[in-house]
C-alpha cells in the first residue's frame with residue numbers, strides 16, 4: 001500500500017486519538033499524539049488504522065459467533081434485520097452469505113439454492 005501521509009499531517013488512530021506525524025520511517029510512523037508528552041512509533045498493522053478522519057469501531061464484537069450448522073440442519077434465515085425469519089435447511093456458507101436449499105422454487109428433483117445474510121439455529125420466535 002502506498003503511503004499517503006506526509007510529515008505534519010494531522011491524523012487519527014482509534015486507540016490513541018488525534019496526533020501529528022513527525023517522521024515517516026520505512027517500518028513505522030512517528031506520531032506525537034495529543035494525549036502524550038512524547039512521540040510514539042506506530043508500526044506493523046497499526047499503520048493501516050491511521051486515518052485523516054475520526055472513526056469508530058461500530059460492529060466490533062468479541063462475542064463468540066454461533067457455530068455453523070451441518071448441511072441438512074433446520075435453520076432460520078433472513079436478508080435484512082427487519083425481515084421476518086424463514087425456516088429452511090442449511091446447505092453451506094461462503095463469501096459472507098449463507099446458502100440454503102428450499103423446495104419452494106423446485107421445478108424438478110433438484111432443490112434451488114437461495115442466499116441470505118443472517119442465519120440462526122435457535123428459534124428467534126421462541127420467547128414471543
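No lab work stands behind these numbers, since they all come straight from the coordinates. Only a predicted model underlies this, so the values are computations on that prediction, with no experimental measurement involved.
Key figures
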{"read-out": "The stretch 24-94 - Kirkwood radius from inverse mean 1/r over Cα pairs (Å)", "value": "17.2"}
{"read-out": "Difference of contour (0.36 nm per residue) and Cα-Cα distance, residue 57 to residue 80", "value": "6.2 nm"}
{"read-out": "Evaluated over the stretch 10-49, the Cα radius of gyration and Dmax, each in Å", "value": "9.1, 25"}
{"read-out": "Computed over the stretch 10-49: relative contact order in percent, which uses C-alpha pairs under 8 Å that are six or more apart", "value": "30"}
